[in-house]
Every structure is written in C-alpha cells, then in structure tokens.
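The values are calculated or read from the model by the stated rules, or taken from the named source; none is laboratory data. Because the structure is a prediction, the values reported are computed rather than measured. Cβ coordinates were reconstructed from backbone atoms using ideal geometry, including for glycine residues, and neighbour counts include every protein chain displayed.
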Amino acid sequence: MQPSTALAELIHLVNLVPRDAVLEELSEPHGRGPEAEWEMLAAIDALPETLMKLKLHLREPFQGEVLYGGVRIDLDPNKQDLARKLRIKRAFERYRVIRNARENLRELFEMRAHLEQVYKDFPDEGIDGAVLMVYERAVVVIDKNYTANIRPDLFGKAIQGVDVRNIRECPVCGKVFFARRKDSVVCDPISKCAKTHSKRAERKNLMMKLRRRVNNN
C-alpha cells in the first residue's frame, strides 16, 4: 500500500523540520518592491541553523535571481512587482503549510489514541465518526475565468480518506512515515532506527524479567 501523492508530499515537508524544533509564527513582509523580498529572505536566514533543510526549501522560489550585495534582487525589467509578490507569497505559504501540518499531525497523533475507547464506549449508538479535531483551512483558487474555487489545502487533501492509523511517528528519529504494514513501528525496517528500536525492546524485556525475579524473591 502506497501513500497518495499529496500525503507523500506532506510527509516530506513535515520531515524537513526536526521533531523537537519549534516553529515560531512568521510575519509577512511589510515593505514594498525589492525591500519586501529582502525582508522575506532576511526572515528566512534568521531561522536557526538546525532548520537548514527548511531554509533551503523556503529559498527555492527565489532561485535564479541575481545576487547583488549578498541579497537576491530582480534586475529583469520585464518582471513586475506581481512576480516578486508571488515569490514572497509562495515562500510564506510554504512555511505556513509546514508549521500548520506539524501542529495538525501532533494533534492527530494525540487524539487518535482515544478513538478505540470512544467506539468501545458507544458500540450501538450509530456513531458515523468521532470528531477529533476541527479543521477549517482551505485554499481559494481563482481560475482564468476569474471563478473562485474552494479547495482543501495540502493537509486536508493529504489525509482525506486515509486510514489515520497508517500515519505514524518513528519512536527513534521522530520522522513521520506512512506504515505500509500494520506491524510497522519505525520509519524504515532496514534502517538504523530499526536496529535501535530492537535493542531498546531487548533492554526493556530484560529489565521486566529482572523486576519479576526481584518481586518473586
């Protein structure tokens, strides 16, 4: 079983950020013209070095621009402020999507544990589904006919129709992964995480045996 394209992309983006990292809210630039672009790049550069993968990802919309004085600016006279605004908006939205997705997944992981108890307590109540989280984010897309279309953002599209039990967090490295098997515990069965998890399980079993011996004596 393979994850959808949207879910695979979401997992990739979320894993750009270490599990314990904190993403503060990023403000959109207040300046205009090149100054706004410099402000956005400065905000990206101000992120901690531990978020280097994220910083490189956020800089992608600005790639190909001319470097002047160490700052990317647009020297092509045919490009207008609209192109610059779109680059800034794209970088800002990437950050917002990743930040919100991490929060949503964390909430999903925490609340999912209550599902079994909910369905156990109300087996005959005709419940179609337990409301675990309220999700209201969507994207407004304006097509060439200037028609507004409401679509779920990447997170909404990624988890729609997915068995949420298959979206898991590796207990060793903290990466989010899609479990292709029900017994999958770590992100990769042939990785260092698998070996580490196996050793931890062995130590845990050994400690339990020792405790039982002590209690029996």
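What the table below lists for this structure:
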read-out: Top-ranked residue of region 147-192 - restricted to ones that are surrounded by 15 or more Cβ atoms within 10 Å (Cβ to Cβ) and assigned to a strand (DSSP E or B), ranked as modelled with the lowest pLDDT; value: Pro152
read-out: So Ala42, is it surrounded by 12 or more Cβ atoms within 10 Å (Cβ to Cβ) and either modelled with pLDDT under 75 or part of a helix (DSSP H, G or I) (or both); value: no
read-out: Lone qualifier among Lys195, Lys204 - being at pLDDT 90 or above, more than 25 Å from Ser4 (Cβ to Cβ) and loosely packed, with under 13 Cβ neighbours inside 10 Å; value: Lys195
read-out: Residue satisfying all of: in region 166-217; without any contact (Cβ under 8 Å) to a residue 60 or more places away in the chain and touching a helix residue (DSSP H, G or I) at 6+ places or on another chain (Cβ under 7 Å); farthest from Leu16 (Cα to Cα) among these; value: Val185
read-out: Search result, residues across region 22-48 that are closer than 23 Å to Arg106 by Cβ and either of a type in the set (Val, Ile, Thr) or in contact (Cβ under 8 Å) with a residue 60 or more places away in the chain (or both); value: Val22, Leu23, Glu25, Leu26
read-out: Region 106-120: number of residues that are surrounded by fewer than 11 Cβ atoms within 10 Å (Cβ to Cβ) and either assigned to a helix (DSSP H, G or I) or touching a residue at least 24 places away in the same chain (Cβ under 8 Å) (or both); value: 3
read-out: In region 22-39, the residues that are within 23 Å of Asn100 (Cβ to Cβ) and part of a loop (DSSP other than H, G, I, E, B); value: Val22, Leu23, Glu24, Glu25, Leu26, Ser27, Glu28, Pro29, His30
